[in-house]
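Here is the structure we will look at.
Here, each number is a calculation from the coordinates, and none is a lab measurement. Remember, predicted model here, so these are calculated numbers, not experimental data. Reconstructed Cβ throughout: ideal geometry from the backbone, glycine too, with neighbour counts over all protein chains shown.
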Amino acid sequence: MSISIQSITKTFGAYTALENVSLEVPDGSLTALLGPSGSGKTTLLRIVAGLEFADPGPGKIAFHGEDVGDIPAGRRGVGFVFQHYALFRHMTVAQNIAFGLSVLPRAARPQKSEIRDRVMELLKLVKLEGLDQRRPHELSGGQRQRVALARALAIRPKVLLLDEPFGALDAQVRKDLRRWLRQFHDEIGLTTLFVTHDQEEALELSDQVVVMRNARIEQVGEPQTVYDNPRSPFVYEFLGNVNKLHAGQDVRYVRPHEIDVLFAAEFDPATDSLARVQHLFSAGPIATLTVKLGDGQFLDVELSRKQLDELGLSVGDEVAVRPAVMA
Amino acid sequence: MPKRRVIPGFGLSMGFTISYLSLIILIPLAALFLKAARLGASQWWQILTSERIIAAAKLTFGASAAAATVSTVLGLLVTWVLVRYRFPGRRLLDAMVDLPFALPTAVAGITLTQIYAPHGWVGQYISQAALWIQATYAPTGWWGEVIQDWADKGAAYSPLGVFIALTFIGFPFVVRTLQPVMEDFSSEYEEAAATLGAGRWTVFRRVILPMFIPALITGFTLAFARAIGEYGSVIFISGNLPMKTEILPLLVVAQLEQFKYEAAAVIAAGMLIVSFTLLFLINLLQRRLNWQNN
């Protein structure tokens, strides 16, 4: 189900959390709201969920064309996963997942056996079979996250909303779970909106990235497009490492991998600059080189280990650097 | 080789703890039991099963349990208001919760008696209400006696008075136990329940309340324990009628005043044993719940 957000503004007293924000989330997509803290991304997610209400005005939120702006969270049909899971710790995993079904009005509530079947089905879906009688404190962070997801899915939501879904996990679990979520999303095809401040996560996981800053949307697009064609210096800097070069009044941005390193003997004055190697970091498949340009500015360069070995560089050597792409 | 510990001073602090516990708690308790042991088992039995003691025990433990229960409900409400809402005078109200701790209990007792006596600010209405009930329903039997009591004396000089004094004394314990737990309670739980479709009452009943149960039990236990031992405030409002409004601590003092030290010690020891058993059982229950909750 598509989500349509039109000119939403939200203020908390004197503080503006969202300023005239509009966004279309296509049906079945996995969309990332990316931005630094305080950019308004979580507020936007909470407004979509109905946990927060936009300021009165022309703003509108619609699911598949139907205005949901006045519908409270409980009847909006959203699955919301909280950053710290918010699992009910006095309930078992099964009771947590069944919660949304067990609080339905008696007439709409499924039979006990149906609820039970649904819980088992969901546990299987999130790969946690056999853990139904555990309590949240007996689970690992990644498992808790998946219980929270199963609980949100139990009510068959129209859209799935995730607030910093991997924020509280270790690096390794985070990577695994990220890949798993992508696959999971492709299987169930539910329109999903998630908040993150991690650009790598947003780029790797989503179909559409929404970069936010200071209560506004800075850029929207496919990860590749946004990465390759950032619309502003902010987006350029936020979406990965970047060298900021001052040339007189101008500022130029160059990503570390968009620079070629050559022997000083191959120096071509038309395109290249001469530089001296200041620092070498080569533990890993990608080597990072810091070089000092003639005008005293530093430049980070990334190259493969193979390239580095071929060049046979060490600290203090002179090299020629040639920008592969310039923005 | 002694086991190495990261936190230093185990020997010193453990030694201090044991000496402190001994001096302040264990030795006095042992002395109490030694004193009581001078009387034989038959005398113990005789003292503890006398009608007056049984009546006082029923009142003491019954009124304490009732007062602790009401304190728990009241405390939950007050804490909820203090923690969840921001309003002018909140800090003042917060500070006032501690007043029953700070007030000399005799002052509390005398004040409560004044207010709840038949012509006091509140007592007169209790009296009038009781008279109205008598006129309308003409109750008889046990219930009739209670109503007659209220009509004559307001809430003072009756078991109701004892209950009121014990509630006054007990409810700060509940508030102060519950407050930190409630302050730590993330609104994410309520929001999670709300997005899953639960109404306000369901959220309270199925999510909020169960998470507070362990703290509520602790608060109840403290209020209950305090109420059992309470003396100062109760003796003024109860009127100390034998078989009717006497509490156990009063009987201990009564024995002492007649220089019957052993008998006093026996009553005290009996109280201790019953209290300890009750507290121990509550603790067990709480441990079970805590285990589920963490």
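General remarks:
- In a reduced charge model with +1 at each Lys and Arg Cβ and -1 at each Asp and Glu Cβ, the protein assembly as shown shows a dipole moment near 2740 debye about its Cα centre.
- Over all distinct Cα-Cα pairs of segment A:77-146, the Kirkwood formula returns a hydrodynamic radius of 12.7 Å.
- Farthest towards the positive end of the charge dipole of segment A:242-323, among the residues A:315, A:263, A:253, is the Cα of A:253, using unit charges on the Cβ of Lys, Arg, Asp and Glu.
- Normalised by the number of residues in chain A, the average gap of Cα pairs under 8 Å and 6 or more apart makes the relative contact order 18 percent.
- Residue order, fewest to most beta carbons within 10 Å, for A:129, B:246: A:129, B:246
- Working note: Karplus 6.51/-1.76/1.60 with θ = phi - 60° gives segment B:214-227 the couplings x, 5, 5, 5, 4, x, 4, 4, 4, 5, 5, 4, 5, 5 Hz, where Gly and Pro are set to x.
- Projecting label points 7 angstrom from Cα along Cα→Cβ for residue B:26 and residue A:168 puts them 4.2 nm apart.
- Residue (of B:14, B:130, B:197) at the positive-pole extreme of the protein assembly as shown, dipole from beta-carbon charges: B:130
- Projected onto planes of every orientation and averaged, the convex hull of the alpha-carbon atoms in the protein assembly as shown covers 45.2 nm².
- Listed residues B:163, B:204, B:171, most fluctuating in chain B (Gaussian network, C-alpha, under 10 Å): B:204
- Highest average packing first - A:256-267, A:102-113, Cβ atoms within 10 Å: A:256-267, A:102-113
- Between residue B:13 and residue A:127, the FRET efficiency estimated from the beta carbon spacing at R0 = 60 angstrom works out to 0.80.
- The ranking of B:233, A:22 from fewest to most other beta carbons within 10 Å of each one's beta carbon is A:22, B:233.
- Here the extension length gained between residue A:279 and residue A:180 equals 31.9 nm, from 0.36 nm per residue of separation less the Cα-Cα distance.
- Residue order, fewest to most surrounding Cβ atoms within 10 angstrom, among B:211, B:243: B:243, B:211
- Separation of alpha-carbon centers, segment B:68-112 and segment B:212-249, rounded to whole Å: 17 Å
- Taking segment B:49-191 and dividing mean pair separation by its residue count, relative contact order in percent (alpha carbons under 8 Å, at least six apart): 36 percent
- Per residue of peptide A:198-209, the mean number of Cβ atoms on other chains within 10 Å of the residue Cβ is 0.
- Between residue B:134 and residue B:282, residue separation times 0.36 nm minus the direct Cα-Cα distance comes to 49.3 nm.
- Between residue B:99 and residue A:290, the distance separating the two model label sites (each 7 Å from Cα on the Cα→Cβ line) works out to 6.5 nm.
- In terms of the mean number of neighbouring beta-carbon atoms within 10 Å, the peptides A:177-186, B:179-188 order highest first as A:177-186, B:179-188.
- In this structure the amide hydrogen of residue A:64, modeled in the peptide plane, comes within under 5 Å of the amide hydrogens of A:2, A:3, A:4, none closer than 5 places in sequence on its chain.
- If you take the Cα centroid of segment A:57-82 and the Cα centroid of segment A:233-300, the two points sit 47 Å apart.
- Computed across segment A:242-323, the Kirkwood hydrodynamic radius from all distinct Cα-Cα pairs reaches 12.8 Å.
- Rounded to 0.05, the FRET efficiency of the residue B:90 and residue B:209 pair, given R0 = 30 Å and the Cβ-Cβ distance, is 0.85.
- Euclidean distance of C-alpha centroids, segment A:130-177 and segment B:118-179, integer Å: 53 Å
- Residue of A:239, A:149, A:101 that the Gaussian network model of chain A assigns the largest fluctuation, springs spanning Cα pairs under 10 Å: A:101
- Phi-based couplings in Hz for segment A:236-241 (Karplus 6.51, -1.76, 1.60; Gly and Pro marked x): 4, 6, 6, 8, x, 4
- For segment A:242-323, averaging the sequence separation of C-alpha pairs within contact (under 8 Å, six or more residues apart) and dividing by the residue count gives a relative contact order of 37 percent.
- Shielding of peptide A:65-74 by partners, expressed as the average count of other chain Cβ atoms within 10 Å per residue Cβ, is 2.
- Residue with peak Gaussian network fluctuation, chain B [Cα springs, cutoff 10 Å], from B:172, B:88, B:249: B:88
- From largest to smallest, the equivalent ellipsoid semi-axes obtained for segment A:3-237 from the alpha-carbon gyration tensor read 30, 21, 15 Å.
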